[in-house]
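Have a look at the structure below before the remarks.
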Amino acid sequence: MIHRSFVAAAGVSGLAALALAQVTVAPPRSTEGARAVAAPASSEAGRFAAGTWLDLTHAFDASTIYWPTEKGFQFEPGTNGPNPKGYYYAANRFATAEHGGTHLDAPRHFAEGMHTADQIEPSRLVGEAVVIDVRRACDANPVYEVSPDDFVAWEEAHGRQLVDVIVLLRTGWSRRWGDRTAYLGTDVKGAEAVPLLRFPGLSPDAAKWLVEHRRVKAVGIDTASIDHGPSTLFGSHVNLCKANVPIFENLDGLEQLPEEGSFVAALPMKIAGGSGGPLRVLARLPED
Ligand SMILES: [Zn+2]
């Protein structure tokens, strides 16, 4: 681990030296050195990276919301600080359930033989995101289930089908994050909490419609589960997982995304044989 860190640090030093070399070739006239260093990013990749990026991920800490039957995020601080050799050093330990906070459900979560976290094709984890806005329906009914009609309405409004996109369901629930009762319907923990869960989700029929009549890369939602809180059979999980469609749960900040045109990268921890795992989700806004 230490050796790897050293190699990474050496790599960064190498990049810094390269950047300095570029500045030496074309020295900035002003004191805005940082801008002068960034300016050479004129490639397509550089322009893409320079756009407006949003983080759709909740941070992991002791307050992060997990399923009521799971322990929360376990974080064990190491001895962080200056050491006798003169440099600062920080390294901690963590342990976590696969399914908690912003996370991936690999298809294997609810479908035998389907992809585990490490087997998901990268092309399913990156691409254009479309947002299905069901906030009004969820405000009126906190256990609302997104229906095939919601998808058809989006398609009619946007003049295109839900094909080769990451479908994100915007219930508005992420603004309740931090208040366990408001977010889950209960702050009870343990198996007795499960019948008390109340939050919106995707209807099993709509999941079936998506996999049978459209072709989506993945489906995400800003609640604790793709099936709504009262679900006991988890039909949306089953229908998506059986079709090898990954699921992203507990997303944050979907309010900031347009209904089409943003680019999302949802990169889970690559757990060999994993049924899911912690997920970092970034979105790049389209250019105006
Ligand atoms: Zn999950």
Q: Please find, among Ala50, Ala111, the residue that is among the aliphatic types (A, V, I, L, M) and farther than 30 Å from Pro258 by Cβ.
A: Ala111
Q: Those residues that are surrounded by 21 or more Cβ atoms within 10 Å (Cβ to Cβ) and either in a strand (DSSP E or B) or touching a strand residue (DSSP E or B) at 6+ places or on another chain (Cβ under 6 Å) (or both), I need them from the stretch 204-215; list them, please.
A: Ala206
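For every residue, the table says whether it meets (1) basic (Lys, Arg); (2) over 21 Å from Asp139 (Cα atoms).
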position	(1), (2)
Ala153	no, no
His158	no, yes
Leu169	no, no
Pro200	no, no
Leu210	no, yes
Arg215	yes, yes
Q. Just a yes or no: is a residue in the stretch 135-144 closer than 16 Å to Ile226 by Cα, free of Cβ contacts under 8 Å to residues at least 40 places away in the same chain, more than 16 Å from the ligand (Cβ to nearest atom) and within 22 Å of the chain's Cα centre (by Cα)?
A. yes
Q) Just one of the numbered conditions (1) modelled with pLDDT of 95 or more; (2) outside the structural domain of Ala206 (by TED's automatic domain parsing); (3) outside any strand (DSSP E or B) is not true of Leu54; which one? A) (3)
Q. Which residue out of Asp227, Asp252 is within 16 Å of the ligand (Cβ to nearest atom) and under 14 Å from the mean Cα position of the chain (by Cα)?
A. Asp252
Q: Check Val238, Val245 and return the single one that is closer than 18 Å to Asp118 by Cα, within 15 Å of the ligand (Cβ to nearest atom) and among the β-branched types (Val, Ile, Thr).
A: Val245
Q) Any residue in the stretch 207-215 that is over 18 Å from His109 (Cβ atoms) and among the aliphatic types (A, V, I, L, M)? A) no
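For residues that are hydrophobic (A, V, I, L, M, F, W, C) and either at pLDDT below 95 or under 10 Å from Val245 (Cα atoms) (or both), scanning just the stretch 93-121, find the one that is nearest to the ligand (Cβ to nearest atom).
Going through the stretch 93-121, the residues hydrophobic (A, V, I, L, M, F, W, C) turn out to be 94-95, 97, 104, 106, 110-111, 114, 117, 120.
So of that shortlist, the ones also either at pLDDT below 95 or under 10 Å from Val245 (Cα atoms) (or both) come out as 106, 114, 120.
Details: Ala106: 9, Met114: 14, Ile120: 14 Å.
Of everything passing the filter in the stretch 93-121, Ala106 is nearest to the ligand (Cβ to nearest atom).
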Q: Note down all Cβ pairs under 7 Å where the first residue falls in the stretch 89-103 and is closer than 12 Å to Ile271 by Cβ, the second is within 9 Å of the ligand (Cβ to nearest atom) and not charged (D, E, K, R), and they're at least six residues apart or on different chains.
A: Glu98/Ser275; Glu98/Gly276; His99/Trp67; His99/Gly276; His103/Asn250; His103/Gly276
Q. In the stretch 216-249, which residues are closer than 17 Å to Asp164 by Cβ, of a type in the set (S, T, N, Q) and surrounded by 20 or more Cβ atoms within 10 Å (Cβ to Cβ)?
A. none
Q: Please identify the pairs in which a residue from the stretch 196-208 that is within 17 Å of Asn244 (Cα to Cα) has its Cβ atom under 7 Å from the Cβ atom of a residue that is of a type in the set (Phe, Trp, Tyr) and crowded, with 21+ Cβ neighbours inside 10 Å, counting only partners at least 6 apart or on another chain.
A: Ala206/Phe151
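The values are calculated or read from the model by the stated rules, or taken from the named source; none is laboratory data. In this text, all values refer to a predicted model and were calculated from it rather than measured experimentally. Heads up, the Cβs are rebuilt from the backbone with ideal geometry, glycines too, and the neighbour counts pull from every protein chain shown.
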